[in-house]
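Presented below is the structure to which this report refers.
The values are calculated or read from the model by the stated rules, or taken from the named source; none is laboratory data. All values reported here derive from a predicted model rather than from experimental measurement. Note that we place each Cβ from the backbone using ideal geometry, even for glycine, and neighbour counts take in every protein chain shown. These area figures cover heavy atoms from the full protein model, side chains too; ligands, DNA and RNA do not enter into them. Shrake-Rupley method; radii C 1.70, N 1.55, O 1.52, S 1.80 Å.
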There are 2 protein chains.
Amino acid sequence: MPARASSKTSEASDKVSVICRALRRAIIEQALEPGAKLPEDALGERFGVSRTIARHALGQLAAEGLVELRRNRIAVVATPSWQEARDAFDIRIELERLVVRQLAGKLTRAQIAELNAHVDAEDRARGGTDAVSIRLATEFHILLAHMTNSPILVRYVSEVAYRCCLTLSLYSRPHSTECAINEHRAIIAALAKGDEAKVMELMHHHLDSVANRALVAPTPQRGRDLLDILAPYADEVTSDRVVKLPKIARRG
Amino acid sequence: MPARASSKTSEASDKVSVICRALRRAIIEQALEPGAKLPEDALGERFGVSRTIARHALGQLAAEGLVELRRNRIAVVATPSWQEARDAFDIRIELERLVVRQLAGKLTRAQIAELNAHVDAEDRARGGTDAVSIRLATEFHILLAHMTNSPILVRYVSEVAYRCCLTLSLYSRPHSTECAINEHRAIIAALAKGDEAKVMELMHHHLDSVANRALVAPTPQRGRDLLDILAPYADEVTSDRVVKLPKIARRG
DNA sequence: GGACATCGAACTGCATGCAATTCGGGCGCT
DNA sequence: AGCGCCCGAATTGCATGCAGTTCGATGTCC
């Protein structure tokens, strides 16, 4: 039997929403790297809308944490710190445990088939680029969330999964997606079997290992802002004698 | 010792942010009831800004789930369904268990004092209106989240707590806040003692009982839209013979 | 009395324009 | 060369204006 009566949870077809979706996808596929500039004019021109709309879209994405917005400054793709990335994964683990807890033993045959089809797609994409693999893996989790029919859960899982995606492009070493795919299959099996405890454990382990593979160590440097890197050392500077830093390594 | 090095996590001082904060507070204090209309013009005039800014603020609040935005229609304060309210509480329980798990045994004396001071304030407000009590109780949880120094966790806990607040004004019977205050004190004590398992259990029970006190039963009706109420019955109507409803009970 | 059509007011969707701020390259100085 | 300054171009912050849609009161007919 289905987990709950179905209902549509799709996003509106506003121009704003269209731009949001496009940017979101570009970001998680790493077409837009963390730190990439997103000027309102350029976005507006690219999508055939006015700056007002582009601006609104950036506001939405900033609310989701995918974009960083500072007053009077060009918006940039978010560059989460290592700690923020770890926090995001911790939250994600709890949320997705909740997802599979609600879903265990309550999926229809059609839903299980849909999940399997998705993992098949992941399998086929193994030869392609990392970006596509990562996107598909993320979408598997979002697909699961959708099946709870809880719009709020869908929103939070999606957001936090996107954020995790973002961090992968910052801190990840070239990783193998194969074991992740197998873990997806195991989760589907446990869901179908209805073993609630088992599937929660599987999901926990799955996300934890993804996080550990990705967030190898607090080795930022790459893509980090100089000021952030030096922040821990700032306390040692007496405030009346501020060190003027030479302008090197300033990412444009 | 402190849980983590402190950092500021306050919101920007944009005009948009100011309006967001004001509306958020008005909503959770029930000055604005669910379903209340929020025309862009009126907001702009009230806050001394243009419609563009008011519109942007509404977009942000919609992203947080506090406001409902439908194309070409006046924005309204969100009216969550009973099921959505239950979902929000379920998510909240997981998130706040994570909060206290991270915090157990890691609070400074100053932080514990701050928490106690807050609960004292809750105590003093017991004679006042329900709205203020609810707001203070909610802010206790947000204060806890802040102490994790995880901006992401703060954001999610805040959002979901506000949403829960919103549902209280919809489905809650006149409730007693006293036991909730005692539970807050118990949580502080367990945090100070560093009993991780105990505090997670306490938080779980606390939120669950708040939810159960509030969400007494699937008894919508009040403040619900007629169409939503009748949605479950819609399946029984053949689509070529749509029943035209008389225009009653249309909330303005 | 109650359902329906109609029309003006109200409101939203969006683009554009102007002021204020930031960015970045070139110039002069050491 | 290296560093700081300055100024024009680029960019954001915000208000306003116009077109299209919705809302609701009124009048009309049954």
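Worth a mention:
- When residue B:155 is tested against (1) out of contact with any helix residue (DSSP H, G or I) (no Cβ under 8 Å at 6 or more places or on another chain); (2) crowded, with 21+ Cβ neighbours inside 10 Å, exactly one condition is not met: (2).
- Check on residue A:88, open to solvent by less than 30 Å² (accessible area, probe 1.4 Å), within 16 Å of DNA strand D (Cβ to nearest atom), under 14 Å from the mean Cα position of the chain (by Cα) and not β-branched (Val, Ile, Thr): no
- Test: residue in the range B:126-133 that is aliphatic (A, V, I, L, M), closer than 22 Å to residue B:181 by Cβ and open to solvent by 30 Å² or more (accessible area, probe 1.4 Å): yes
- Test: residue B:102 is more than 19 Å from the chain's Cα centre (by Cα), within 14 Å of chain A (Cβ to nearest Cβ) and open to solvent by 20 Å² or more (accessible area, probe 1.4 Å): yes
- Residue, nearest to DNA strand D (Cβ to nearest atom), within the range A:19-50, restricted to residues that are within 14 Å of another protein chain (Cβ to nearest Cβ) and open to solvent by less than 50 Å² (accessible area, probe 1.4 Å): A:40
- In summary, residue B:108 fulfils each of the numbered conditions (1) within 14 Å of chain A (Cβ to nearest Cβ); (2) in contact (Cβ under 8 Å) with a residue 12 or more places away in the chain; (3) polar (S, T, N, Q) with the single exception of condition (1).
- Scanning the range A:56-76 for residues that are facing another protein chain (nearest Cβ under 10 Å), assigned to a loop (DSSP other than H, G, I, E, B) and hydrophobic (A, V, I, L, M, F, W, C) yields a single hit, A:69.
- Residue count for the range B:186-202 satisfying the condition of being among the basic types (Lys, Arg) and within 18 Å of residue B:110 (Cβ to Cβ): 1.
- With a requirement of 3 or more residues that are more than 22 Å from residue B:26 (Cα to Cα), the helices (runs of 4 or more DSSP H) lying completely within the range B:126-211 that satisfy it span B:151-171, B:178-193.
- Residues within the range A:91-115 that are touching a Ser or Thr at 6+ places or on another chain (Cβ under 8 Å) and among the acidic types (Asp, Glu), tallied: 0
- The set of residues in the range B:42-93 being within 16 Å of DNA strand C (Cβ to nearest atom) and in contact (Cβ under 8 Å) with a residue 40 or more places away in the chain consists of B:56, B:57, B:60, B:61, B:66, B:67, B:76, B:77, B:78.
- Flag for residue B:30 being closer than 22 Å to residue B:169 by Cβ, of a type outside the set (A, V, I, L, M), touching a helix residue (DSSP H, G or I) at 6+ places or on another chain (Cβ under 8 Å) and at pLDDT 95 or above: no
- Here residue A:114 fits the description: away from chain B (no Cβ under 14 Å), at negative phi and modelled with pLDDT of 95 or more.
- Residues in the range B:51-74 that are open to solvent by 60 Å² or more (accessible area, probe 1.4 Å), near DNA strand D (Cβ under 10 Å from one of its atoms) and not aliphatic (A, V, I, L, M): B:51, B:52, B:55, B:70, B:71, B:72, B:73.
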